[in-house]
Amino acid sequence: MLDKAYWSGRYQTEQTGWDAGGITTPLKVYFDQLEDKSLKILIPGAGNAYEAGYLHSQGFENVFVCDFAKEPLLNFQKSYPDFNSNHLLESDYFDLGGEYDLIVEQTFFCAIDRRQRNQYVTKTHELLRQGGKLVGLLWKDEFNGGPPFGGSEEEYRRIFEPQFEIESMELSYNSIKPRAGRELFIKLVRK
């Protein structure tokens with residue numbers, strides 16, 4: 001069910017309740033601390049990619065946006081015509097190659113089938129350089145069977161700890177209002 005046609009259909013019918021309309025506070029605060037503008041950054045399942053737009057506006061030129069659906073990539077390209085179009089990847093995350101310094105998690109992990117969670121961890125580990133980071137937000141609550149698919153901190157630790165050092169996994173103190181108390185901010189380092 002959660003294939004390319006499903007996600008394209010959600011954009012075509014404007015059923016995008018997860019879309020915050022802009023970069024969310026936890027990620028903006030994290031990005032504002034980054035000093036190295038040459039970091040190679042991947043944002044999977046990026047949707048309208050507000051995070052990529054923000055990073056681009058701050059001078060990060062090595063940002064890659066990946067989405068299954070073509071519609072959000074086209075929307076992003078219209079909003080940021082000077083963004084390198086070769087960095088817009090219409091692809092299944094699990095088919096990607098390359099090596100990144102940072103992978104940004106924002107509503108992607110909670111959108112994939114639960115049976116793909118271990119595959120996500122392995123793929124993310126594979127795409128990150130040694131010492132690279134996975135940073136972002138994980139959804140805690142369930143939503144009528146999903147997506148979004150939530151989970152507990154204990155479950156997330158169990159899934160990620162074999163391949164990542166957990167530098168931070170805690171309730172996000174600065175989530176946007178509709179998500180307050182429902183997100184864990186993560187900073188995980190590839191082992």
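The values are calculated or read from the model by the stated rules, or taken from the named source; none is laboratory data. What you are looking at is a predicted structure, and each value in this text was computed from that prediction instead of being measured. Neighbour counts run over all protein chains shown; Cβ positions are idealised from the backbone, glycine included.
If I ask for residues that are in a loop (DSSP other than H, G, I, E, B), out of contact with any strand residue (DSSP E or B) (no Cβ under 7 Å at 6 or more places or on another chain) and modelled with pLDDT under 95, which ones from region 155-180 would you list? Of everything in region 155-180, those that are in a loop (DSSP other than H, G, I, E, B), out of contact with any strand residue (DSSP E or B) (no Cβ under 7 Å at 6 or more places or on another chain) and modelled with pLDDT under 95 turn out to be TYR173, ASN174, ILE176, ALA180. Do the conditions hold for SER91, that is, is it in contact (Cβ under 8 Å) with a residue 24 or more places away in the chain, within 23 Å of PRO72 (Cβ to Cβ), in contact with a Pro (Cβ under 8 Å, 6 or more places away or on another chain) and not hydrophobic (A, V, I, L, M, F, W, C)? No. Where strands (runs of 3 or more DSSP E) fall wholly inside region 1-118, the ranges with 3 or more residues that are aliphatic (A, V, I, L, M) and at pLDDT 95 or above are 41-43, 100-106. Candidates in region 85-139 are the residues that are over 18 Å from ILE166 (Cβ atoms), among the polar types (S, T, N, Q) and touching a helix residue (DSSP H, G or I) at 6+ places or on another chain (Cβ under 9 Å); of these, the one that is surrounded by the most Cβ atoms within 10 Å (Cβ to Cβ) is GLN106.
Total residues in region 103-126 satisfying the condition of being closer than 22 Å to ASN48 by Cα and not polar (S, T, N, Q): the figure is 10.
Residue count for region 139-191, restricted to those that are over 24 Å from LYS123 (Cα atoms), free of Cβ contacts under 8 Å to residues at least 60 places away in the same chain and among the basic types (Lys, Arg): 2.
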